[in-house]
Structures are given as C-alpha cells and as structure tokens.
Amino acid sequence: MFSIGRSRFDDSGKEFWKWWPSARDRIATSIVSGTFDNRLANEVNKYVRRVHPEMAWELQPGQQASHAFCLSPEGDPERRQFALRWLTNAPKPDATWEFHASKPPAKSLMTLMVGGAAFDLHEMVAITSRNEIRQLLDVRLWHPRFAEVDEQTRMQAAFLYLDHLLGEDDVERWIGAIELLDAPAGGRTPAELKAEVARYAAEPREASWINGERTRPDGQVELVIGNAGLKRIDYPFHDTWVWVQMLWGADRYPTDHEAPILEDEEDEFLRRMGDRAILASRVTVPGSRTWHFVSPDFEKMRPAIDGWAAWLPDSLTPGLPQRRLKIDGGSDVQWSFLRELGLR
C-alpha cells in the first residue's frame, strides 16, 4: 500500500516569525550588554519548539550582520525540512540580524570548554584521506588535550571543531569517518583542512555507482547497483521512496540478448523521469528488476511511469509472457531503504 505521511508541525515557522519582531531588539541588546539570561532563553525555546519540538538553536556573530540566529537540525533530515521552511519565511537580513537553517562556520576559532577541559581549536591537527566511492573525506584528528580526557570528551571536541571550522552542512556533506589519534602525527592546520574541503567540494563529480550481491533470508541472490555518493543533505525534501518493479515472466536473470534491451529501456525510463525523482538503486533477481527512487512528490512521477509503461513492448523478448509493472513505496525521511539494500 502506497502511503505518504504528513508531519504535525508543518507550520513553516509562522508562529516564530509572528513573535520575532517583539523579540529581535531585546535579544540583540542582551547579547551586547551580556544580559542574555535563562528567562530570555526559555522564551526563545518556546517559539523554536513551535517550529519543531526537537529543534536546536544557537546565537552567534553573523557573517554579514551583527548577529546570527541559527537553527540546528543536528543532522536529522526531518528537522532539516522544518528549518529550511522556517528560513523561507524569514525576514530579509539587515545590519543587526541574519538567519541560518543550520550552524554556519564560525567567523573565527576559539577556545571551548568541553567536559571541563579547555580546547584551543587552533591546535587541532587533521590527516585526511579520500573515500572516492562515498565521495567523502575521512579525517583523523589530534589535539594536545586528547591525552587528558576520556573518549566521549575527545569525540565531542572533534565534532565541535569540525562544526566551527566548516559549518554543520559541510560536515555532513563532505566529512566521512572521523578517527581520533592518540599521538601527534603531523597533518593539516585548521586553515589547511578548510582549504582542502573547499577544493574537494569544488571538484566535478558524477554519480558513484557500485555493484554488489546480497543474499536475502530466503536464499535468493540480489544483484544490487547503487549510487554510493548519493547524499541525503543534497535532497532535503526527497522524503518519498518509490520502487518500480518489472516482472518479465521468466524465473531467470536476463540473457545476454535481453540485458542490453533492458538497459535501453531503463535509459528511456530515466529520460522520462527527468528531475522528478532521483534513482538511488537498481536490484535484479531472477524474473524481475526493481528501480528505487527518492522524490519530493510521487504524483509528479506518475506521468513518467505511466508514459513509460505505455511505451514498453508487451514482452521483453518474443516468446515471453506479457510483462507486469508493480509500484509501491511511501514516506522514508531517513532513507532507511538504503540500509536494507546494504548501501549504507
């Protein structure tokens, strides 16, 4: 059964922005005077929670304005949607305030207290390696204070460092595995790491398709092709998973003659689909092939699917029964279907 969920917090921040004119000057004055207190923080919490009850927020110096009001989805795809909708309703930035749907890079690094220890973020050193399949940079980090604190504090300091240096979005988009080093081993300064990430982000890249096999609990072997470089952050509103399955009426894999026919038909399918959806994976088993898509709107996919179905010949090759198409899916904000296919 195809089903699409709807969130109960879908107000795009309207209550927040109705409240904001009465609070902006009070908050700005309290920042300058150092009088921002729990009463004001609780008031901000009240209206941020109207955007989403688990949304985090932060005040920091602005990139252009004096102050920045930042929501923080903390890597959660659902909260990212609400933060982005909130931002679309934000007033234009001015000399006093600018607004962000995630924490941007800090204007300058500083010393942070983490787990009772002072971490000068300028002293963090990084070694990078490229994960070209996932299109990420894996990092190994070392700081002189690591030897003095426990593992949890070291990891917390590492994440805070990366968030301050790169901003939340670039950490999620470009940073892969994070490893903590026990001893200094050379590496990149903060400025050098930031420049390396910027260079990597600027490089042209295409989809990173990988091939693999997966054995299901019933013993059947699936041939899986997936885009390992597909990133949730790049498609924040693609929260609908849709799969289209073709059954060709023979309990076997495509023959050498049929395989290129299927490839040409797939190319036509994707041409018709265009930017209505993103192909995440293709799975072939004896008798069928299934295409897994993510999309912001299933209804916009229907004309492409229906047109392709009408265009297809009745059978894959002469002598085979008439083909059948099945369509299903539903809401999948976390893209959990990728884990089920072994692609995460």
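For the stretch 211-227, which residues satisfy the criterion of being of a type in the set (A, V, I, L, M) and either on the phi > 0 side of the Ramachandran plot or at pLDDT below 95 (or both)?
VAL221
In this structure, is ALA56 among the hydrophobic types (A, V, I, L, M, F, W, C), modelled with pLDDT of 95 or more and either touching a Pro at 6+ places or on another chain (Cβ under 6 Å) or under 28 Å from TYR235 (Cα atoms) (or both)?
When the stated conditions are applied, ALA56 passes them.
Being touching a Gly at 6+ places or on another chain (Cβ under 8 Å) and surrounded by fewer than 17 Cβ atoms within 10 Å (Cβ to Cβ), is that true of even one residue in the stretch 260-277?
Yes - at least one qualifying residue is present in the stretch 260-277.
Would you mind listing the strands (runs of 3 or more DSSP E) fully within the stretch 1-111 where at least 1 residues are of a type in the set (Gly, Ala, Ser) and touching a helix residue (DSSP H, G or I) at 6+ places or on another chain (Cβ under 7 Å)?
The qualifying strands (runs of 3 or more DSSP E) are 67-72.
Does GLY307 satisfy the condition of being touching a Phe, Trp or Tyr at 6+ places or on another chain (Cβ under 7 Å) and surrounded by fewer than 18 Cβ atoms within 10 Å (Cβ to Cβ)?
Taking the combined requirement at face value, the residue does not satisfy it.
Out of all the residues in the stretch 20-79, which are among the small types (Gly, Ala, Ser) and more than 20 Å from the chain's Cα centre (by Cα)?
Within the stretch 20-79, SER22, ALA23, ALA28, SER30, SER33, GLY34, ALA41, GLY62, ALA65, SER66, ALA68 qualify.
The values are calculated or read from the model by the stated rules, or taken from the named source; none is laboratory data. Here the structure is a predicted model, which is why all the values come from computation and not from measurement. We place every Cβ from the backbone using ideal geometry, glycine too, and count neighbours over all the protein chains shown.
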